[in-house]
Amino acid sequence: MFRTVSTPVLLAALLLCGAAQAEEAPAHGIAMNGEPALPADFTHFPHANPDAPKGGEITYCVVGSFDNLNPFILKSMRTTARGIIDTIFGNLVFESLMRRSDTEPFSLYGLLAESVEMDAERTYAEFHLNPDARWSDGKPVTPEDVIFTYETFAQKARPPYSTRMNRIDRIEKTGPHSVRFTFNDKADREFPLIVAMTPVIPAHAFDPETFDQATLKPLVGSGPYTIETVRPGERIVFRRNPDYWGENIPSMRGFANYGRITIDYFLNGNAQFEAFKKGLCSAYAGAIYTGLEPSRIERDFDFPAARDGKVIVESFETKIPPVVTGFVFNTRREKFADPRVRQALSMLYDFGWINANIFDGRYHRTLSYWQGSELSALGRPAGPKERELLAPYADKVLPSVMDGTYGEDADSDRKIDRQTMREALDLLQQAGYRLQDGRLVDAQGRPFSFEILITSAEQERFAAVFQRALRRLGIEVSLRLLDDSQMQQRKQTFEFDMLISSVGFSGSLSPGSEQVGRWGSSSANAEGSFNLAGVADPAVDAMIEAMLKARDKETYVAAVRALDRLLISGAYMVPMQHDNSKWIAYWNYLEHPEIAPNNGFDLYSWWRKPE
């Protein structure tokens with residue numbers, strides 16, 4: 001049976017169809033909220049120099065070891081060679097469909113995919129691959145490669161790569177250079193961006209059956225570098241591919257400038273720094289390149305090359321929340337299961353003494369997971385939207401955290417006094433502990449003791465100060481020094497009482513699904529996850545879900561602040577301190593762009609001065 005449609009109705013339908021098509025037209029970029037800042041005809045990212053000279057060599061020095069080149073698997077996950085995919089040195093071998101601009105909170109632009117189209121609800125994302133995209137062996141990057149990546153990751157990869165198919169209904173090849181992801185009801189508005197940022201691997205160069213096995217065989221990727229030399233545990237060398245397909249892609253222009261990149265491994269931070277002083281390393285920003293301590297500048301940089309100006313020490317302003325580093329409680333252990341115990345111990349980190357005696361008063365106390373940004377709960381009473389989100393979990397948030405008074409004197413040089421000790425002891429007594437003959441014991445008379453794992457002399461300094469304060473309350477704490485590989489194994493299997501770590505390599509103005517891996521219940525017991533504390537709280541899960549489903553900025557900010565309040569109140573770690581600038585030392589044959597990214601500096605955009 002046929003139905004006749006009137007002209008006005010038909011015209012309206014055509015207009016609606018046209019609007020839908022316009023909304024779903026392929027776009028050059030995608031933003032988590034709003035629109036990308038750069039226009040379709042942009043030529044390069046703001047923090048890159050498109051005219052940077054290519055060539056020369058650079059050597060990075062890191063602490064640790066490596067026994068694997070595949071960064072996507074659980075086996076040897078934390079001892080995979082640096083540089084394959086790397087938040088500090090760049091993704092040298094593997095690339096993703098789109099690439100992030102580090103001068104925006106969360107925007108992506110074309111890389112392997114030259115454009116993307118989505119509907120307003122983000123129920124699907126169709127990526128149109130760049131026809132010129134090539135693997136390092138010259139073969140084209142295809143939709144089949146993208147599909148192979150997800151199928152293989154689902155079966156053989158480590159979290160979070162292994163779980164991404166859980167939110168995908170189907171993946172289809174829709175053209176010679178197009179692939180479409182249709183998402184299920186588990187996906188959120190951020191997930192298309194996660195898909196766009198997932199590295200793609202070549203189907204012809206990997207065997208799915210052996211994908212989960214560690215390997216030292218150089219891998220085929222689409223990135224600007226190939227692996228030239230592998231000396232397990234000691235050195236890996238990358239050579240720039242002269243036939244790199246993405247030389248003139250706007251999102252890559254001004255990056256990957258060195259002809260050869262060497263990454264040398266050292267047993268500890270002292271050996272690493274001595275190698276830098278001798279000129280064996282081109283740049284130095286601490287053991288993992290997250291920034292130097294300002295107090296080290298005057299103390300450690302009075303050597304000939306620094307005095308002569310051959311070594312430059314420079315600070316960069318950061319525009320993102322600081323990396324949260326501190327003492328992580330393993331809440332899987334019974335002794336740390338009660339939040340009152342964790343809150344009590346958190347009160348005994350002597351920031352005032354540490355800042356005055358170690359950092360010359362230059363640091364700030366870290367208390368919030370998004371400190372210094374509009375996402376932080378510090379100094380802000382919870383607004384109506386936050387209170388609505390937190391209503392079912394009101395007992396999980398401390399009153400001082402809810403009303404914004406928590407941490408008002410965080411940066412004071414006040415030492416731990418008797419009042420603080422009494423308040424901490426009161427919390428411990430509420431949790432069932434008591435003092436007996438100068439020792440803190442539980443209801444059965446068992447002493448309260450635990451071990452802190454450390455990996456360096458620097459960590460030992462902080463741990464010793466913490467240890468000293470805890471002993472005043474009759475808590476026995478031992479310190480155990482591990483090498484990097486031992487520590488990584490302990491982290492992967494959650495075999496520790498407490499350790500010093502961070503909750504990510506960098507802070508973020510756009511927290512998203514990575515928070516599930518750091519704090520979500522689903523990751524609490526997933527081996528290899530970054531949820532070191534073992535957080536498994538329905539309230540935390542609910543705030544993460546609200547954050548991921550937010551459709552407007554007001555709701556998003558409220559959800560992140562509510563999450564911040566829960567994490568602060570839960571005392572899952574004892575945050576230490578931070579500096580608002582990021583310091584790095586480098587030899588004067590290196591140069592960097594005038595405009596810095598939000599996180600301070602991006603070594604991937606630096607270059608070597610021509611001879």
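Values computed for the structure shown
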| item | result |
| --- | --- |
| Packing rank of 469-478, 444-453, 323-332, where each peptide gets the mean count of other beta carbons within 10 Å, highest leading | 323-332, 469-478, 444-453 |
| Over the stretch 325-578, relative contact order from alpha-carbon pairs under 8 Å, at least 6 apart, % | 34 percent |
| Span per principal axis, largest first, for the Cα atoms of the stretch 96-214 (Å) | 38, 31, 31 |
| Average projection area in nm² (convex hull over Cα atoms of the stretch 460-513, one quarter of hull surface) | 5.7 nm² |
| Over the stretch 96-214, relative contact order from alpha-carbon pairs under 8 Å, at least 6 apart, % | 29 percent |
| Whether the stretch 489-605 is rounded, prolate or oblate, judged on the alpha carbon gyration tensor where a/c under 1.5 counts as rounded | oblate |
| Between the stretch 389-412 and the stretch 117-165, the alpha-carbon center distance in angstrom | 42 Å |
| Listed residue (194, 125, 269) projecting farthest to the positive dipole end of the chain, Cβ model | 269 |
| Relative contact order computed over the chain (Cα-Cα under 8 Å; 6+ residues apart), in percent | 20 percent |
| Ranking of 353, 607 by count of other Cβ atoms within 10 Å, fewest first | 353, 607 |
| Quotient of C-alpha Rg and 2.2 N^0.38 Å, computed over the chain | 1.01 |
| Cα-only radius of gyration and Dmax that characterise the stretch 147-263, units Å | 16.7, 46 |
| The chain: calculated mean residue ellipticity at 222 nm from DSSP helix runs of at least 4, using -39500 (n - 2.57) | -7500 deg cm²/dmol |
| Helical segments meeting 15 Å axial Cα length and Kyte-Doolittle -1.0 threshold in the chain (DSSP H) | 7-23, 143-156, 418-430, 457-471, 538-549, 553-570 |
| Residue-by-residue Karplus 3J(HN,Hα) for the stretch 283-291, coefficients 6.51, -1.76, 1.60, Hz, glycine and proline x | 9, 8, 9, x, 4, 10, 6, 9, x |
| Diffusion coefficient, µm² s⁻¹, Stokes-Einstein with Kirkwood Rh over alpha-carbon pairs of the stretch 325-578 at 20 °C and 1.002 mPa s | 114 µm²/s |
| Trypsin sites (Lys or Arg not before Pro) lying in DSSP loop within the stretch 484-588, provided at most 13 other Cβ fall within 10 Å | 551 |
| For q = 0.10, 0.20 Å⁻¹, Debye-computed log10 I/I(0) when each Cα of the stretch 367-472 counts as one equal scatterer | -0.47, -1.17 |
| Of 383, 356, 66, farthest towards positive along the dipole that unit charges on Lys, Arg, Asp, Glu beta carbons give the chain | 356 |
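Coordinate-derived values only; no laboratory data. Keep in mind the model is a prediction, meaning the values are calculated, not measured. Every residue, glycine among them, receives a Cβ derived from its backbone with ideal geometry; neighbour counts consider all protein chains shown.
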